[in-house]
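Read the figures in this text as sums done on the coordinates, not as results from a lab. On a predicted model such as this, the values are computed, not experimentally measured, just so you know. Neighbour counts are summed over all protein chains in view; Cβ atoms, including those assigned to glycine, are modelled from backbone coordinates with ideal geometry.
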Amino acid sequence: MAYFIADNIISSLGFTTVENFNSLLSGDIGIEKMEDADIYPGPFLASTIDKTRLENEFRLLAHKYSNFSKFTVLEKLMILSIDDALSQCQPDVKSDKTAFIFSTTKGNIDLLDKSKKDEFGPDRHLLWKMAEEISNFFGNPNKAICISNACISGVLALNTAAMYINAGQYETIVVCGGDLVSRFVVSGFMSFLSLSDEPCKPFDKDRKGLSLGEAAGTIILSEKPSASKQGIKFMGGATANDANHISGPSRTGEGSYIAIKKALFEAGMRTDQIDHISAHGTATPYNDEMESIAIARHNLQKAATNGIKGSVGHTLGAAGIIETAILLEEMRNNTVLKTSGYKNHGVGEQINVSTENSGLELNTCLKMASGFGGSNAALILQKI
Amino acid sequence: MGKLFINKYCHIKNNKVFLDGKLVFSDDEVHDIKPFLKSVYRFLKPAYNKFFKMDEISKLAYLCSEYLLQDVDLSAFNKDDIAIVLSNSDSTSITDQNHQNSISKEGGFFPSPSIFVYTLPNIMIGEISIRHKLKGENAFFIVENFDAGLLTNHINNLYLTRKAKVFIAGWVNINNDSYEAFLFLLSPCGKKYNKGEIEKVYNQHKYI
């Protein structure tokens with residue numbers, strides 16, 4: 001069995017899971033209008049991390065570690081995130097029974113900018129190199145595993161970690177995801193005309209597209225449950241492809257439906273056992289409609305469904321990790337958070353999107369994710 | 001539960017295509033990946049118009065999968081049970097650079113969605129999935145060098161947890177210096193398969 005024993009989120013809303021959870025409980029929205037010519041020639045909306053706080057907190061780390069070298073912004077975020085999660089459970093990171101799995105779409109893509117090119121050497125923009133630098137920093141002897149599978153990267157990394165632990169290959173796996181709000185990504189999504197001109201509104205009638213966010217998140221899985229926290233275990237996980245379009249989701253929710261079906265099969269569970277769904281909910285017209293169809297095809301319309309991208313934006317390779325960390329915190333608190341930005345139901349199927357924070361006994365939950373390349377993922381968690 | 005076997009493997013590098021270790025195509029007249037890919041396409045004649053919209057690395061992955069799956073009958077398997085597990089070291093660095101050039105502060109600002117969409121490595125998985133209507137498990141790993149152990153470990157785990165029965169897996173990479181695609185097909189029937197066997201067939205063309 002694989003258990004979720006520690007987690008961290010660094011986003012616009014805070015530097016720990018609890019800070020983020022409390023901020024979401026208060027209904028905070030971290031997506032703001034920005035003007036930064038280095039990122040985009042005109043004004044744009046994004047959820048970004050307080051970089052002054054990042055530098056201050058990172059400097060404090062120097063006391064704990066001896067092998068301090070130069071790190072990029074994203075590496076600093078991921079190191080801080082991992083350090084906080086490690087402090088909650090103190091696994092032996094120097095053991096070969098501990099592995100690191102990284103999840104990112106674009107990693108240090110900001111290094112492609114000419115002004116930064118020579119600062120970190122010729123191959124630091126490569127994702128395996130970033131992963132290696134971070135796992136070397138913590139002194140882990142295993143080769144860092146790096147997954148880059150668009151917006152399902154985070155959930156896929158968690159599923160992969162649980163699968164390797166269940167097979168007895170590792171005792172502990174540190175799963176860390178991160179992506180930045182960069183010129184590269186903002187201009188790309190702008191060219192797709194898929195960015196909303198106000199904080200995004202998942203599942204809402206007036207949703208106009210997504211909001212981008214940056215985040216780093218860490219979840220540690222272990223073959224033994226946590227001694228101090230509510231035990232939550234991995235029950236099942238799967239991915240599936242729509243085989244339909246590289247940048248648009250299936251109109252029948254096919255891949256998402258299959259991923260959920262296979263995750264339920266592995267969990268040995270029925271859909272009526274699912275108490276709560278954390279959706280992908282990007283607030284693009286097609287994604288949310290597709291998810292509502294996949295949920296309805298499993299007769300999960302009554303399950304309390306929410307999403308946090310209306311507060312923290314779409315954090316790409318970090319999304320699956322930080323959204324699962326929030327889901328774990330919801331389970332520990334038996335609370336379903338409201339879906340920021342959702343007011344008037346705007347998808348074809350009558351799924352139960354949360355409008356307020358509410359108390360609910362949460363035993364079994366489903367995390368969904370979908371992304372470019374027709375990719376879809378599902379993950380089922382349960383309290384022990 | 002039965003075992004997995006290697007059905008076929010295809011290796012494309014240095015203007016040559018090898019299928020199951022045998023040279024099946026080469027073009028010594030071209031000196032760049034772009035004309036080479038066009039040349040392979042003309043030779044194969046797959047009549048697949050989506051090819052012309054793809055970036056170079058997706059074209060390379062697609063052509064390699066086309067060789068791998070031609071004359072293969074997978075109709076005995078459910079499309080949900082056919083997984084694609086790919087890897088490389090440079091992600092989509094050539095297309096990343098193209099997108100970066102279109103948004104530079106010096107050279108003008110004209111990002112294109114048709115370039116940007118190809119800046120994710122798993123788009124290769126998407127293209128192969130669309131071509132063959134494959135709906136199974138996906139994973140894209142970024143690793144410094146071809147790593148048979150990483151791939152076979154992931155595949156064996158997916159197989160043992162009954163998440164897939166057939167696997168299209170391997171390595172597709174392009175950087176400024178070279179290109180290489182190596183894909184193999186595993187299913188419950190064929191030749192014996194293990195990490196060492198994958199390494200052996202990969203290294204067959206090491207010095208070419």
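Points worth noting:
- Shielding by partners - mean other protein chain Cβ count within 10 Å, residues of A:204-217: 0
- Distance distribution note for region B:110-208: the fraction of Cα pairs above 23 angstrom is 33%.
- Pairs of Cα atoms farther than 20 Å apart, region B:2-121, %: 55
- Judged by the mean number of other Cβ atoms found within 10 Å, the most tightly packed of the peptides A:73-82, B:161-170, A:269-278 leads the ranking A:73-82, B:161-170, A:269-278.
- Taking B:Tyr193, A:Tyr342 and counting other C-beta atoms within 10 Å, the order from fewest to most: B:Tyr193, A:Tyr342
- All other residues whose Cβ lies under 12 angstrom from that of A:Gly341 are scored, Lys and Arg at +1 and Asp and Glu at -1, for a net of +3.
- Gyration tensor (alpha-carbon) shape descriptor, region B:71-152, a/c threshold 1.5: oblate
- Within-15-Å neighbourhood charge of B:Asn78 [Cβ basis; K, R +1; D, E -1]: +3
- Derived scalar couplings between HN and Hα for region B:32-44 equal 9, 5, 4, x, 5, 4, 4, 5, 5, 4, 4, 6, 6 Hz in order, rounded to whole Hz, by the Karplus curve 6.51 cos²θ - 1.76 cosθ + 1.60 (θ = phi - 60°), x for Gly and Pro.
- When DSSP beta bridges are restricted to pairs lying wholly in the protein assembly as shown, around 65% turn out antiparallel.
- Estimated vicinal HN-Hα couplings, Hz - region B:14-27 in sequence order (Karplus 6.51, -1.76, 1.60; Gly, Pro = x): 6, 6, 10, 10, 10, 10, 6, x, 9, 5, 10, 7, 8, 9
- Per residue of A:185-192, other chain Cβ atoms within 10 Å of the residue Cβ number 6 on average.
- Sorted on the mean count of surrounding Cβ atoms within 10 Å across their residues, most packed first, peptides B:180-189, A:171-180 read A:171-180, B:180-189.
- Cut-off 11 Å between beta-carbons: net charge of the residues surrounding B:Thr92, Lys and Arg +1, Asp and Glu -1: -3
- Scalar couplings 3J(HN,Hα) for region A:104-117, obtained by applying the Karplus form with A = 6.51, B = -1.76, C = 1.60 to θ = phi - 60°, are 7, 8, 10, x, 7, 5, 4, 6, 5, 5, 3, 5, 9, 3 Hz; x denotes Gly and Pro.
- Between the alpha-carbon centres of region A:129-174 and region A:275-304 there is a gap of 28 Å.
- Residues whose amide H lies under 5 Å from that of B:Lys8, counting only those 5 or more places away or on a different chain, are B:Leu185; hydrogens are built 1.01 Å from N in the peptide plane.
- Between 0 and 90 degrees, the angle of helix B:123-132 with respect to the longest Cα principal axis of chain B falls at about 60 degrees.
- Rounded if a/c under 1.5, otherwise prolate or oblate - region A:286-384, Cα gyration tensor axes: rounded
- Over region A:243-342, the hull volume per residue, using the convex hull of the C-alpha atoms, is 113 Å³.
- Over chain B, volume per residue of the alpha carbon convex hull, in Å³: 128
- Here region A:3-222 is treated as a sphere whose radius is the Kirkwood value from Cα pairs; by Stokes-Einstein at 4 °C and 1.567 mPa s it diffuses with a coefficient of 71 µm²/s.
- Isotropically averaged projected area of the protein assembly as shown, using the convex hull of Cα atoms (one quarter of hull area), nm²: 24.6
- The ranking of A:Ser256, A:Ser95, B:Ser75 from fewest to most other beta carbons within 10 Å of each one's beta carbon is B:Ser75, A:Ser95, A:Ser256.
- Cα-based shape type of region A:92-187, given that a ≥ b ≥ c are square roots of the gyration tensor eigenvalues and the cut on a/c is 1.5: oblate
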